Amino acid sequence: MTSDAIRCPRDHAPATLLRESGGKYPFFIDYCEHCGGTWLDHGEFAKLVGSKEAERLLEAYASGRSRLNCPRDQAAMAVRPVGGIVIDICPDCHGMWFDRRELDAAMKGTEEVLAENLSPAETPGGRATIPIAEDVRTSRRGLLVESLSKATRTQMGWNP
């Protein structure tokens, strides 16, 4: 992970570094003010959603050639469909590119991916639960994820 802002892989505009909280320490994500896209370096998605497993699942199933090159190392990125969107992931540095509004959708989709990949034996009480970091709950995105999580759990018959 680096503290240098990237150039947007979509339109090559310089990105702005935005401070986020999650995990033990604050970190910076790259945001393109021109197109609204967001770049997350390896580990930053896990910090936003409070789950290393969520990030691992996104990376593990990325395949197929993206039209974009990685803004960090210029490698050809791979695509990963999640919840009706497609995320671009670098197979080398494991950074992730989210077009406008895709980050919130991916956070919701990741809940579903985690739920599908957890067997009842791996969850407390035999019910799938999705951990969300306390720091994430206080952010705007975190409140969205938490509310979607409750709705998803209720719809699936899980205890909210």
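Results, tabulated for the structure shown:
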read-out: Subset of segment 1-21 (residues that are β-branched (Val, Ile, Thr) and either in a helix (DSSP H, G or I) or free of Cβ contacts under 8 Å to residues at least 24 places away in the same chain (or both)); value: 16
read-out: Verdict on residue 62 being of a type in the set (A, V, I, L, M) and in contact with a Leu (Cβ under 8 Å, 6 or more places away or on another chain); value: no
read-out: Selection count where residues are among the aromatic types (Phe, Trp, Tyr) and either more than 21 Å from residue 70 (Cα to Cα) or within 13 Å of the chain's Cα centre (by Cα) (or both), scope segment 24-53; value: 3
read-out: Criterion: of a type in the set (Asp, Glu), out of contact with any His (no Cβ under 8 Å at 6 or more places or on another chain) and buried (at least 16 other Cβ atoms within 10 Å of the Cβ) - qualifying residue of 92, 99; value: 99
read-out: The lone exception for residue 112 - which of (1) surrounded by 17 or more Cβ atoms within 10 Å (Cβ to Cβ); (2) at pLDDT below 85; (3) more than 25 Å from residue 26 (Cβ to Cβ) it fails; value: (1)
read-out: Residues of segment 62-82 classified as part of a loop (DSSP other than H, G, I, E, B) and closer than 13 Å to residue 98 by Cα, total; value: 2
read-out: Search result, residues across segment 22-58 that are part of a loop (DSSP other than H, G, I, E, B) and within 24 Å of residue 10 (Cα to Cα); value: 32, 33, 34, 35, 36, 37, 41, 42, 43
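The values are calculated or read from the model by the stated rules, or taken from the named source; none is laboratory data. No experiment lies behind these values; they were computed from the predicted model shown. Virtual Cβ from ideal backbone geometry, glycine too; neighbours counted across all protein chains shown.
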